[in-house]
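> Let me begin by handing over the structure; questions about it come next.
The values are calculated or read from the model by the stated rules, or taken from the named source; none is laboratory data. Computed from a prediction, not measured in an experiment: that's the story for all the values here. Here Cβ is always computed from backbone atoms with ideal geometry, including for glycine, and neighbour counts include all displayed protein chains. Accessible surface is based on the protein model in full, side chains and every heavy atom, while ligands, DNA and RNA are left aside. Shrake-Rupley method; radii C 1.70, N 1.55, O 1.52, S 1.80 Å.
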Amino acid sequence: MVGVARITILGSTGSIGQSTLDVIARHPDRFSVYALTAHTRIDLLAQQAASTRAAVVVVPDPACADRFRTLWAGGRQLPEIRVGAQALADTAADPHCQIVMAAIVGAAGLPAALAAAQAGKRVLLANKEALVAAGSLFMAAVAHSGAELLPIDSEHNAIFQCLPHDGRASAPTGPAPGVRRLILTASGGPFRTRAWSELDDVTPEQAVAHPNWSMGRKISVDSATMLNKGLEVIEAHWLFAMPAERISVVIHPQSVVHSMVEYEDGSVVAQLGQPDMRTPIAYGLGFPDRIASGVGLLDLAQCGRLDFETPEPDRFPCLSLSFHALRAGQHACIALNAANEVAVAAFLDRKLAYTAISRVIDATLAWQAGQATVALDSLEAVLFADQQARTFASQTGLR
Ligand code: NAD
Ligand code: MG
């Protein structure tokens, strides 16, 4: 990009949002912050807006706007404060910014991520739930608007790096030539070596204690159940136009190999690095240039060994349910994601046992399979299907 690119960070107070600000701060000659958004941590948002001199902030309601004004210690003029979900989507499409980091967690981030894609931005996509719920709509928007889509999820960023490309990040029209398989690595999470049936009493604190990555609470639970890997399989299907049978998962406890592409000639190309999201974020920001991320170098001798294992289906039922949903179609993927969001929130609230997460998803998928379906050709249709699945999961699945 020529000149200083203005960036909007959707979900700036989260784990990905904070890592993005860290990378941006290293390159004042290349990037400036245009807008920041937050849902709850208004104090942190006020600090971020003051230190980055953001022009705009977006908060969910008028009470948060008041709180932001009270907390403001930036001295100079307040940033413009926009309020509500529509303002979030409008800010993602705002003509004053060129790059949008989509880092809201959950399907709540879909409307704004889609708005950025429709507006033809460079979209740095961390919010995997958006693609799981609305893959066809999202990829069609990217193709139609000419948006640049850079995957930030470390596995998909790795695969993107391992695939041939010509310095552009456009939507693929089919699987890349010569590619046989995409191989996603998974750490296996904190319960990798324990049977699913032994995990009834797992607490939220144990589930979010990821061995290698520091992340938000929801994705940390997803990593423990491996539903996260399931979402990533669906994400890879859409990002790289790959059918389910050409996407596989291997457990790699060290999280050094971030994913691989297997080619027809027997070559396997991998991307390696430290488990630090600033690497994929810097890749997305700088693409096609390589820019400093603040991540230290990888010392392979220090790593010593890299292990790989096949995930056992009975140990990770959520992974099998995800492959099932991908094969069953987009309504099933919406139900999978919605049920998981409901179940994980209940688990984090100590209202649901850890092992019940897969049961809620299973029940919601079974319910969905019996429903009449409509075409998922609009955001409204996707959000309606998402809401119906949430209602079922919270009323029936959690009983
Ligand atoms: P997080 O919980 O740390 O942060 C979430 C952000 O979203 C916060 O800024 C929060 O204010 C905002 N938010 C939450 N609910 C919202 C709502 N209803 N409306 C508007 N904003 C809302 O999450 P995270 O770990 O940064 O993950 C963000 C996304 O990136 C997720 O989709 C996750 O799967 C994906 N991701 C994260 C990592 C990671 O290392 N953290 C890695 C790969 C992918
Ligand atoms: Mg990932």
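> With respect to residue 35, determine if the residue is open to solvent by 70 Å² or more (accessible area, probe 1.4 Å) and among the small types (Gly, Ala, Ser).
So residue 35 does not fit the description; no.
> Which residue, of 248, 170, is touching a strand residue (DSSP E or B) at 6+ places or on another chain (Cβ under 9 Å), under 22 Å from residue 323 (Cα atoms) and among the polar types (S, T, N, Q)?
It is 248.
> Take residue 382 and decide whether it is of a type in the set (A, V, I, L, M), farther than 22 Å from residue 316 by Cβ and modelled with pLDDT of 95 or more.
Yes; evaluated as a whole, the condition is true for this residue.
> Same structure, new question: If a residue has to be among the polar types (S, T, N, Q), more than 16 Å from ligand 2 (Cβ to nearest atom) and surrounded by fewer than 19 Cβ atoms within 10 Å (Cβ to Cβ) to count, how many in region 262-298 make the cut?
1
Yes or no, residue by residue, for (1) surrounded by fewer than 23 Cβ atoms within 10 Å (Cβ to Cβ); (2) free of Cβ contacts under 8 Å to residues at least 60 places away in the same chain; (3) away from ligand 1 (no atom under 16 Å from the Cβ); (4) farther than 13 Å from residue 236 by Cα:
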| site | (1), (2), (3), (4) |
| --- | --- |
| 136 | yes, no, yes, no |
| 161 | yes, no, no, yes |
| 169 | yes, no, yes, yes |
| 172 | yes, no, yes, no |
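> Tell me the residue from 186, 141, 102, 134 that is under 17 Å from residue 7 (Cβ atoms) and modelled with pLDDT of 95 or more, please.
102
> Here's another thing I want to ask about it. Among the numbered conditions (1) touching a strand residue (DSSP E or B) at 6+ places or on another chain (Cβ under 7 Å); (2) crowded, with 22+ Cβ neighbours inside 10 Å; (3) not aromatic (Phe, Trp, Tyr), tell me where residue 56 comes up short.
(2)
> Identify the single condition in (1) within 12 Å of ligand 1 (Cβ to nearest atom); (2) open to solvent by less than 40 Å² (accessible area, probe 1.4 Å) that residue 41 does not satisfy, given that it satisfies every other one.
(2)
> Could you check how many residues of region 211-230 are within 11 Å of ligand 2 (Cβ to nearest atom), of a type in the set (A, V, I, L, M, F, W, C) and modelled with pLDDT of 95 or more?
1
> Out of 73, 63, I need the residue that is modelled with pLDDT of 95 or more, small (Gly, Ala, Ser) and in the same structural domain as residue 20 (by TED's automatic domain parsing). Which one?
Result of the check over 73, 63: 63.
> Here's a follow-up. Of all the strands (runs of 3 or more DSSP E) wholly in region 78-186, which have at least 1 residues that are in contact with an Asp or Glu (Cβ under 6 Å, 6 or more places away or on another chain)?
Hits in region 78-186: 122-125, 179-186.
> Looking at region 336-378, which of the residues that are closer than 16 Å to residue 130 by Cβ and in contact with a helix residue (DSSP H, G or I) (Cβ under 6 Å, 6 or more places away or on another chain) is modelled with the lowest pLDDT?
It comes out as 376.
> State whether one or more residues within region 231-240 are away from ligand 2 (no atom under 11 Å from the Cβ) and in a loop (DSSP other than H, G, I, E, B).
no
> Give the number of residues within region 72-121 that are over 26 Å from residue 217 (Cα atoms) and open to solvent by 70 Å² or more (accessible area, probe 1.4 Å).
The number of residues fulfilling the criteria is 9.
> Just to be sure before I move on: is residue 319 in the same structural domain as residue 377 (by TED's automatic domain parsing) and either of a type in the set (Gly, Ala, Ser) or in contact with a Gly (Cβ under 6 Å, 6 or more places away or on another chain) (or both) in the structure I sent?
yes
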